[in-house]
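Read the structure below first, then the notes.
Read the figures in this text as sums done on the coordinates, not as results from a lab. As the structure is a prediction and not an experimental result, all values here were calculated from the model. Please note: Cβ atoms are built from the backbone with ideal geometry, for glycine as well, and neighbour counts cover all protein chains shown.
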Amino acid sequence: GADVGLMLLALVLVTLNRVLMAVKWNLLLAVRGLRISWLRATRIYYTSTFLGLFLPPTVGGDVVRAWLVTRSESRLPDVVSSILVERLLGLVALAVFGVVAAALFPVMVQSGETDLGQLLGIVIGAAVLAFGAFAFSFTAACEKMVLAMTGRLAGVRFIGKFAGTLGRIYRSYREYRSHRGTLAAFFVLTLLENALPIVRAWIVAVALHAPVSLTYFFVIVPLELVLIRIPISFDGFGIREGLFVYFLALVGISESVGFSIGLTNHVLFLVAVLPGGIFYLMDPAARKGRGSDKPPASAASASASGRG
C-alpha cells in the first residue's frame, strides 16, 4: 500500500546526498592542489560507499577513497587531510542538528522520561567536543605538540616511517586554516547534506501513511546518524530500525509501521549505492588495484584517526 512515487522521490534524495558529498569533498581536494573532475569524485564516492558496506563503518570507505584518489605515497597526506577536515566538520554540523533535536524533543514528546534527555545530552556533548577539537587542531599549540611527538618517534624502529607520514598529514591539514571561505562553504553544504536524510525518512513515513510530522524526524535522524557509526552491526542494521520503532512509538506509531519505516529507509539507501559496485568494476585504478596492489597501510592507519 505504499506510495510508489514518494518512494522514488526518497531514492532520488539518497542519490542527491551522494552527489552533494562528492561536491563538498572535491572543494577540499582542490585546496590541496588535487584537481579531479566532479564526475570522477562522484564515482569515487559511490565506490567507497559501496565497498564501505563490507568494511568498518566510516573508516572503511575513507580508506577506499584515499586509495582510489592517489596510489602515490607523496600525495597521500593531502588526501587524508581532506578526509580529516571532512569528518571533523561533519561532526560539528551534526552538533547543530543535535542542539535542534534536544530543543524539539520535550516539545514533541510529553513522556516524562529522563533517559532520552540524557542520551541526547551525551550526543550534543560529544559533538561539542568535536567542535573544540577542530578549533584546537589549527592552533600553534597543537602544531607544536604534534610535530614534537612525530619528531620523537621519527627515529624509532618500525614506527618511524608512520610518524613521518603523520607529520606530513598534519602539516597538510593545517593549511586549511588559510582557506576559511572554502571551509565555510563546505560547512553550509554539510548542513544541507545532514538535512537530506531527515527529509528522506519523513517522505518514507508519508509513503507508508504514517502521520508523523517532519519536525519530529529532526529529533530522530540526527541521533540515528550518530549511533549507526558504532561498529556493532553490519551497516547499522538493527540499530537504525530499532531507533525508528522506539521513537515513533512515542508519538503513537505502531511497532510494525515504525520498523517498516526504518527498514524501508535503510533498503532504499542500499539500493541507491549499488551503482558503486559497477563503478568499482569499471574504474581503471580499482581494476589495476585488484591485481597485486593493495590500499596503502598508512592510508588505513591515518584515516582511522579521522573516524567520525
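Quick notes on this structure:
- For the stretch 137-245, taking the reciprocal of the average inverse distance between every pair of different Cα atoms yields a Kirkwood hydrodynamic radius of 17.8 Å.
- Sparse packing (at most 10 other Cβ atoms within 10 Å of the Cβ) combined with a DSSP loop state is found for the following chymotrypsin sites (Phe, Trp or Tyr not before Pro) in the stretch 1-91: 54.
- Label-point separation, residue 187 to residue 4 (7 Å along Cα→Cβ), nm: 4.5 nm
- Protection proxy ranking, peptides 164-175, 126-137, 81-92, average beta carbon neighbours within 10 Å, highest first: 81-92, 164-175, 126-137
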